[in-house]
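Scroll down for the structure; my scribbles are underneath it.
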Amino acid sequence: MSILVDENTTFIVQGITGREAVNLTRECLDYGRGAKIVGGVTPGRLGRDVHGVPVFDTVAQAVEHHGSPIDGSVVTVPPAFTKDAVFEAIENGVKLVVIVTERIPRRDVAEMVELASENQARIIGPNCLGIIVPDVIKMGGIGGPAKDAAKSYRPGQVGVISRSGGMTTEMSSTLTAAGWASRRPSRSAATRSSDRATPS
């Protein structure tokens, strides 16, 4: 069971041609049942592909190419362009935005959260490694390469939410080693409570 993503979740990677995003895309495609990355967006790179994922200039082009609404986006663009990327995603019907980028101005974050709220969308991040459903899908770089993520994150009875990517992996590894495993881990800088593991 998952809360935000499952094996049917479709998403795009904004900034897909950047070095970090190229690696992140490969990791997502390789993990679990394989992510449904239906496109990437980098202005000026229309017609290219990254690990078989088509690249578009705009989110609107990606949605049009996909032929139906896209569930989510992983945003990996530089801080100065993050707000525009998130606005573009939400304005094109994306309901879940995972922001990997860090050092985004607070005012930009406030405006992104406000727009998301007005459009019944959800933002995870910024400065977020992503969301993972063990053995099923990951959206973002959480857990690293697929083989490493598979060791740390196993299906189970416990969900993990943390403000620290390293702590998320450590808690999930500990739960796995203790036989509890974990369910629905996500790492979010937007989480304001202390690191915790919560029974489901």
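The values are calculated or read from the model by the stated rules, or taken from the named source; none is laboratory data. Just so it is clear, the structure is predicted and the values come from calculations on it, not from any experiment. Here the Cβ positions follow ideal geometry from the backbone for every residue, glycine too, while neighbour counts run over all protein chains shown.
Those residues that are outside any loop (DSSP other than H, G, I, E, B) and either more than 15 Å from Arg122 (Cβ to Cβ) or modelled with pLDDT under 95 (or both), I need them from the stretch 3-13; list them, please.
Thr10, Ile12, Val13 - these are the residues of the stretch 3-13 that are outside any loop (DSSP other than H, G, I, E, B) and either more than 15 Å from Arg122 (Cβ to Cβ) or modelled with pLDDT under 95 (or both).
What is the residue count in the stretch 14-30 for residues that are under 21 Å from Asn127 (Cβ atoms) and in contact with a helix residue (DSSP H, G or I) (Cβ under 8 Å, 6 or more places away or on another chain)?
Matching residues across the stretch 14-30 total 4.
Could you tell me how many of the residues in the stretch 137-151 are touching a strand residue (DSSP E or B) at 6+ places or on another chain (Cβ under 9 Å) and either small (Gly, Ala, Ser) or surrounded by fewer than 17 Cβ atoms within 10 Å (Cβ to Cβ) (or both)?
5
Taking the residues in the stretch 115-136 that are among the β-branched types (Val, Ile, Thr) and within 10 Å of the chain's Cα centre (by Cα) as candidates, determine which candidate is surrounded by the fewest Cβ atoms within 10 Å (Cβ to Cβ).
So the residue we want is Ile123.
Search the stretch 63-94 for residues being among the aliphatic types (A, V, I, L, M) and over 17 Å from the mean Cα position of the chain (by Cα), and hand back the single one that is surrounded by the fewest Cβ atoms within 10 Å (Cβ to Cβ).
Result: Ala80.
Could you check Asp108 against (1) farther than 21 Å from Ala21 by Cβ; (2) of a type in the set (Asp, Glu); (3) in contact with a Lys or Arg (Cβ under 9 Å, 6 or more places away or on another chain) and say which number it fails?
It is condition (1) that Asp108 fails.
Please state which of the following conditions Met112 fails to meet, knowing it meets all the rest: (1) free of Cβ contacts under 8 Å to residues at least 40 places away in the same chain; (2) in contact with a strand residue (DSSP E or B) (Cβ under 8 Å, 6 or more places away or on another chain); (3) surrounded by fewer than 24 Cβ atoms within 10 Å (Cβ to Cβ).
(3)
Of the conditions (1) touching a Phe, Trp or Tyr at 6+ places or on another chain (Cβ under 8 Å); (2) buried (at least 24 other Cβ atoms within 10 Å of the Cβ), Tyr31 fails just one. Which one is it?
(1)
Arg103 passes all but one of (1) out of contact with any His (no Cβ under 8 Å at 6 or more places or on another chain); (2) surrounded by 14 or more Cβ atoms within 10 Å (Cβ to Cβ); which number fails?
(2)
Taking the condition of being of a type in the set (A, V, I, L, M, F, W, C) and over 25 Å from Ile132 (Cβ atoms), how many residues in the stretch 81-105 meet it?
Of the residues in that region, 2 qualify.
Inside the stretch 18-136, counting only helices (runs of 4 or more DSSP H) that do not spill past its ends, which hold 3 or more residues that are of a type outside the set (Val, Ile, Thr), over 30 Å from Thr169 (Cβ atoms) and not assigned by TED's automatic domain parsing to the domain that holds Ser152?
Correct list: 59-66, 79-91, 106-118.
Regarding Leu129, is this residue within 24 Å of Val59 (Cα to Cα), at pLDDT 85 or above and aliphatic (A, V, I, L, M)?
yes
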